[in-house]
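Enquirer: Dropping the structure in here first, questions after.
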Amino acid sequence: MRVLLLMLVLAIPSTFACTMDGQEGFMPENDMSIPVGSKNANSMTEERFNEIIDKVEAVYAPIIKKERRARLKVNRKWTDDTVNASAQQFWKLWIVNMYGGLARHPAVSDDGFALVVCHELGHHLGGAPKNTLPMGWASNEGQSDYFASLKCFRKVFGDDDNAAIISSMNIDAYAAAQCAAQWGNDSDKALCIRAAMAGKSLATLLGGGTRSVNFKTPDTSVVDSTNNRHPKGQCRLDTYFQGSLCTVPHTTDVSKSDATVGTCNRSKNDQMGVRPLCWYKP
């Protein structure tokens, strides 16, 4: 019986939201490489790499098992120097591939790395809008970014002492003011700021430089149709930021087919927290 099941599994084609070799994944294809011990690496350690994944996995593995009848497997590729991440579905096996090269990139903070784990989970759980076939199971790149800060980061880190955590961070004043305007209590404000700064960490990497992205200068472009692929760095910062500003509870699930469920929307007269028009067409 086991042999028969193995044969059946091997016969079922798998599909990737991002290619497993990491060349086209969380970010577009790139030739960056940060091996273990590189002088260009940040302070990330293998222990911390695993601690962050453990924390996200502890929250979402039971959810995926109970609500989706699937199993989450996170491949922890610490020694892999690839600067990327990827996701795959293989029937009821839902895979996230996290690469050490990304975790070691100097632009990527600990929270930024956690937000990438959330992004990859977003391909599995982020809801509409989704990719077109053959990856129709996967939420697209922009929606995975939005889910990461709107739902996942809050769900995983909401019980932390976020006020204490951000007190030792270099906080963007504009982002802090926007979070304060949206959220009523100090704990929620701090969590919003923390998620926004995690997004800034990633957008700095995605934008290619420390001065190329800014909370105050959102991408003003407007797409004619929803872009399922990778938006530009500023557009992705805008998405992470708006996800952190949307006050819909993280306990309100998104929908596989209706992009307005569990999210902030212009159609509901929401002024903040909405998906940017630089990738999303309502």
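Enquirer: Filter Lys216/Lys256; Lys130/Lys151; Lys189/Lys232; Lys66/Lys256 down to the pairs with a C-alpha to C-alpha distance above 22 Å, please.
Expert: Lys216/Lys256; Lys189/Lys232
Enquirer: Which residue fluctuates the most in the chain, going by a Gaussian network model with Cα springs under 10 Å, if the choices are Ser225, Ser86, Ser139?
Expert: Comparing Ser225, Ser86, Ser139 in a Gaussian network model of the chain, the most mobile one is Ser225.
Enquirer: Let me ask something additional. Under a GNM of the chain (C-alpha, springs under 10 Å), which listed residue has the highest mean-square fluctuation: Ala128, Ala196, Ala173?
Expert: Residue with maximal mean-square fluctuation among Ala128, Ala196, Ala173: Ala173.
Enquirer: Restricting to bridges with both residues inside the chain, how much of the DSSP beta-bridge set is antiparallel, in percent to the nearest 5?
Expert: 55
Enquirer: Grab the Cα-Cα distance for Phe90 and Lys216, subtract it from 0.36 nm times how many residues apart they are, and report the gain in nm with one decimal.
Expert: Residue separation times 0.36 nm, minus the Cα-Cα distance, leaves 41.3 nm.
Enquirer: On to the next question. DSSP loop (so not H, G, I, E, B), at most 15 other Cβ within 10 Å: list which chymotrypsin sites (Phe, Trp or Tyr not before Pro) in the range 80-172 pass both filters. Present the calculation step by step, with values, prior to reporting the outcome.
Expert: On the way: sites: Phe90, Trp91, Trp94, Tyr99, Phe113, Trp137, Tyr146, Phe147, Phe153, Phe157; in loops: Trp91, Trp137.
Answer by residue number: Trp91.
Enquirer: Right, here's the next one. How high is the relative contact order of the chain? Use alpha-carbon pairs under 8 Å, at least six apart in sequence, and give a whole percent.
Expert: Value for the chain: 17 percent.
Enquirer: Ok, one more. Contact order normalised by length for the range 108-242, with contacts defined as Cα pairs under 8 Å and 6 or more residues apart; what percent is it?
Expert: 29
Enquirer: Which aspartates and glutamates, if any, have their Cα less than 14 Å from the Cα of Lys39, not counting same-chain residues under 8 positions apart?
Expert: Asp81
Enquirer: A further question on this structure: Give me the base-10 log of I(q)/I(0) for the range 18-268 at each q in 0.10, 0.12, 0.13, 0.14 Å⁻¹, Debye formula, one uniform scatterer per Cα, rounded to two decimals.
Expert: So the normalised log intensities work out to -0.43, -0.64, -0.76, -0.89.
Enquirer: Still on this structure: I'd like to compare 214-220, 228-234: which one has the highest average count of other Cβ atoms within 10 Å, and what's the full order after that?
Expert: 228-234, 214-220
Enquirer: Then there is this: Using DSSP to define loop residues, name the trypsin sites (Lys or Arg not before Pro) in the range 27-101 whose beta-carbon has at most 16 other beta-carbon atoms within 10 Å. Write down the numbers at each step before the final one.
Expert: Numbers: sites: Lys39, Arg48, Lys55, Lys65, Lys66, Arg68, Arg69, Arg71, Lys73, Arg76, Lys77, Lys92; in loops: Lys39, Arg69, Lys92.
Here the trypsin sites (Lys or Arg not before Pro) that fit, given the DSSP loop and packing criteria, are Lys39, Arg69, Lys92.
Enquirer: Among Asn140, Asn84, Asn162, which one shows the biggest mean-square fluctuation in a GNM of the chain, springs joining Cα atoms closer than 10 Å?
Expert: Asn162
Read the figures in this text as sums done on the coordinates, not as results from a lab. Source: prediction; values computed, not measured. Note that each Cβ is placed from the backbone with ideal geometry, even for glycine, and that neighbours are counted across all protein chains shown.
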